[in-house]
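For reference, the structure is listed below as structure tokens.
The values are calculated or read from the model by the stated rules, or taken from the named source; none is laboratory data. Only a predicted model underlies this, so the values are computations on that prediction, with no experimental measurement involved. FYI the Cβ positions are ideal-geometry reconstructions off the backbone, even for glycines, and counts take in every protein chain you see.
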Amino acid sequence: MRHATRAAALFLALAAPGAPARGAEIAEYRTRLDVGADGAGRAVTSLAVAGAPGETLQIPIVPGWANPRLEEAPEGLTLDPPKEKAGAVKVTLPPAFPAPTPVRFTLVFDVPEAFVKPEDASAGARLTMPRDSRTLRVAFVNTEPASIKTFELLAVLPDGMRVQAIREQLPKLKRSEVEARVRLGAGDGRQNALLAIAGLKQGDSASMKLEAVPARPSPFWLVVGILLSALYLVCFRDLVSPNTRPASR
């Protein structure tokens, strides 16, 4: 009798509204941020969420990204109208799908200022980088209970720009990690940088900061070429002079 009473109490505790339960998990969170020549951008985030049919969860987003909307989603998945400057968006999974198969969908964002505003030399402040350099910084925090197993953010620079330096790449690598936190690459003639992390729990953050410059030849090599050309003309002026005549026999 005593064992039956304990079993009944345990059942009621688990069935109570406030009882803890395992919530949804974000299996994949992959974003591609395309930056335009004007410094604005468009971000496409592909997600795979493992949860219960009809479950509602908050998806954390990058601060400053605006106008989130569904681009691809299975029937029955809904996105609540987000609040202005919200740090997450509310998504309800379809009421019927073959759990535990992850539900895949895509969110699209407008990024008004992918590039940080350039330094203003007219304000009298000393410039900390070349005038034509631009800074791209993306910071993400998992503010929600759902953990993220795989997080990737690919930033694609405008045509004609390249990464001069990686100024920030967080979190720092663990001893068990071999590859760099931010990896540079290229595709379709444009340079990119990939921030990749495995395992983001609530409160964990990730960020990268890039310094980008126009992908034109350095003025240094142009000056070197001019000096070498001048030196050649001085040293071998007899060979290139139009008055040079073959010696008569």
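Within the stretch 156-176, the set of residues being outside any loop (DSSP other than H, G, I, E, B) and of a type in the set (Asp, Glu) comprises Glu168 only.
Of all the residues that make up the stretch 166-180, how many are modelled with pLDDT under 95 and either hydrophobic (A, V, I, L, M, F, W, C) or touching a Phe, Trp or Tyr at 6+ places or on another chain (Cβ under 9 Å) (or both)? The qualifying residues number 3. For the condition more than 26 Å from Asp188 (Cα to Cα), surrounded by 13 or more Cβ atoms within 10 Å (Cβ to Cβ), β-branched (Val, Ile, Thr) and within 23 Å of the chain's Cα centre (by Cα), Val103 qualifies. Do you know which of the residues in the stretch 75-94 that are hydrophobic (A, V, I, L, M, F, W, C) and under 12 Å from Glu55 (Cβ atoms) is surrounded by the fewest Cβ atoms within 10 Å (Cβ to Cβ)? Filtering first and then ranking leaves Leu77.
What do you reckon, is Thr5 modelled with pLDDT of 95 or more and either within 15 Å of the chain's Cα centre (by Cα) or of a type in the set (Val, Ile, Thr) (or both)? Here the answer is no, as Thr5 does not meet what is asked. Tell me yes or no: at least one residue of the stretch 119-136 is more than 26 Å from Ser205 (Cβ to Cβ) and modelled with pLDDT of 95 or more. No, there is no match, as no residue in the stretch 119-136 is more than 26 Å from Ser205 (Cβ to Cβ) and modelled with pLDDT of 95 or more. Sub-9 Å Cβ pairs linking a first residue in the stretch 187-209 that is within 22 Å of Gln58 (Cα to Cα) to a second residue that is buried (at least 19 other Cβ atoms within 10 Å of the Cβ) and hydroxyl-bearing (Ser, Thr, Tyr), at least 6 apart or interchain, are Leu200/Tyr29, ordered by first then second residue.
Here are some residues: Gly64, Gly54, Gly41. Which one is surrounded by fewer than 16 Cβ atoms within 10 Å (Cβ to Cβ) and under 17 Å from the mean Cα position of the chain (by Cα)? Talk me through it step by step, then tell me what you get.
Details: Gly54 fails: under 17 Å from the mean Cα position of the chain (by Cα); Gly41 fails: surrounded by fewer than 16 Cβ atoms within 10 Å (Cβ to Cβ).
Gly64 is the lone residue from the list that is surrounded by fewer than 16 Cβ atoms within 10 Å (Cβ to Cβ) and under 17 Å from the mean Cα position of the chain (by Cα).
Condition (residue is surrounded by 12 or more Cβ atoms within 10 Å (Cβ to Cβ), assigned to a strand (DSSP E or B), charged (D, E, K, R) and at pLDDT 95 or above) applied to the stretch 200-207: is it met by at least one residue? No, the stretch 200-207 contains no residue that is surrounded by 12 or more Cβ atoms within 10 Å (Cβ to Cβ), assigned to a strand (DSSP E or B), charged (D, E, K, R) and at pLDDT 95 or above. Right, Phe97: closer than 24 Å to Ala52 by Cβ and aromatic (Phe, Trp, Tyr) or not? So Phe97 passes the test.
Before we move on, is Val163 surrounded by 15 or more Cβ atoms within 10 Å (Cβ to Cβ), more than 17 Å from the chain's Cα centre (by Cα) and either of a type in the set (Val, Ile, Thr) or at pLDDT 85 or above (or both)? So Val163 does not fit the description; no.
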